[in-house]
Amino acid sequence: MLPSRLSPPTGTPSNPMLEARHTAGAKRYKYLRRILKFRQMDFEFALWQMLYLCVAPQRVYRNFHYRKQTKDQWARDDPAFLVLLSFWLCASSLGFAIVLQLSVMGMIKLLLWVIFVDCIGVGLMVATLLWFIANKYLQTQKSDQEVEWGYAFDVHLNAFFPLLIILHVIQLFFIHPLIDKEWFMSRLFGNTLWLIALGYYLYITFLGYSSLPFLRHTVVLLYPAMLIILTFYIVSLPVGWNFTQGLMWFYRYRVGHYV
């Protein structure tokens, strides 16, 4: 059932901003209702966003400011980005499954895992955690605005796309000839790709929250997590921990081995 909005009492002047503002439930309903209406989606603009997320992510968040001014919401109202991201998830998972030499059932299980666990499941947890932290601890004292949960999830999707391209597309070309070896250079190259991907994820996430004018001290979302990632990276090289080999082992034996 669609959320209803009570009409103001007779004689009460209407507020145009309040009339234009929708509830969060109505916005989600409108978003999900459009997810299968491909003719209404702006795929060209979504592709532009994906390109600039890899080369100049600051430009993407300028559009979120424009959407807030024109449509009174920070989160996306067009599911085109999500649809294209789903395509990239399917294509890259298929490539990863071929590299791992999985069976057909293994490919399906890998695809389901990447979509519903790696992307959506992790995204729900990360978005909810940062949404709570931002609204609870990073609000300016004079602000009457809040971070929308939908915007927090959009930030995750923005940050996830370059990570996906680095780890599930670019890395595929180097797994067999270089990364999947017991050489120090293999660990150095493969783990450096992980460092770049995770560092970029954190940076785009930081940009997403720092671009909101009613938040402060957003660097706390960047520095501690980056320090942890750097520590794991430095320690992994001398102890022989190859991140990509670990991921391949997990995918092969937990997703595709028993089919």
*Name every residue in segment 135-153 that is in a helix (DSSP H, G or I) and buried (at least 22 other Cβ atoms within 10 Å of the Cβ), in order of residue number.*
151, 152
*Set 94, 112, 129: member being modelled with pLDDT of 95 or more, hydrophobic (A, V, I, L, M, F, W, C) and open to solvent by 60 Å² or more (accessible area, probe 1.4 Å)*: 129
*Answer from 202, 195, 227, 212 - the residue that is of a type in the set (A, V, I, L, M, F, W, C), under 24 Å from the mean Cα position of the chain (by Cα), outside any helix (DSSP H, G or I) and over 24 Å from residue 94 (Cβ atoms)*: 212
*Taking only pairs six or more apart or across chains, which ones have beta-carbon atoms under 7 Å, a first residue in segment 64-76 that is over 11 Å from residue 213 (Cβ atoms), and a second residue that is aliphatic (A, V, I, L, M) and open to solvent by less than 80 Å² (accessible area, probe 1.4 Å)?*
72/20
_Residues (open to solvent by 50 Å² or more (accessible area, probe 1.4 Å) and within 21 Å of residue 100 (Cα to Cα)) located in segment 189-210_ = 189
_Scope segment 132-177; condition touching a Phe, Trp or Tyr at 6+ places or on another chain (Cβ under 9 Å) and hydroxyl-bearing (Ser, Thr, Tyr); matching residues_ = 140, 143, 151
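Got at least one residue in segment 181-190 being more than 30 Å from residue 69 (Cβ to Cβ) and among the aliphatic types (A, V, I, L, M)?
The answer is yes; a qualifying residue exists.
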*For segment 156-165, does any single residue satisfy the condition of being open to solvent by less than 50 Å² (accessible area, probe 1.4 Å), at pLDDT below 95 and in a helix (DSSP H, G or I)?*
no
*Listed residues 234, 229; which is open to solvent by less than 50 Å² (accessible area, probe 1.4 Å) and either over 20 Å from residue 125 (Cα atoms) or touching a residue at least 12 places away in the same chain (Cβ under 8 Å) (or both)?*
229
*Got a number for residues in segment 77-90 being open to solvent by less than 50 Å² (accessible area, probe 1.4 Å), touching a residue at least 40 places away in the same chain (Cβ under 8 Å) and in a helix (DSSP H, G or I)?*
6
*Identify the single condition in (1) in a helix (DSSP H, G or I); (2) without any contact (Cβ under 8 Å) to a residue 12 or more places away in the chain that residue 219 does not satisfy, given that it satisfies every other one.*
(2)
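The values are calculated or read from the model by the stated rules, or taken from the named source; none is laboratory data. Remember, predicted model here, so these are calculated numbers, not experimental data. Cβ atoms come from the backbone with ideal geometry, glycine included; neighbour counts cover every protein chain shown. Accessible surface areas use protein heavy atoms only, side chains included; no ligands, DNA or RNA. Shrake-Rupley method; radii C 1.70, N 1.55, O 1.52, S 1.80 Å.
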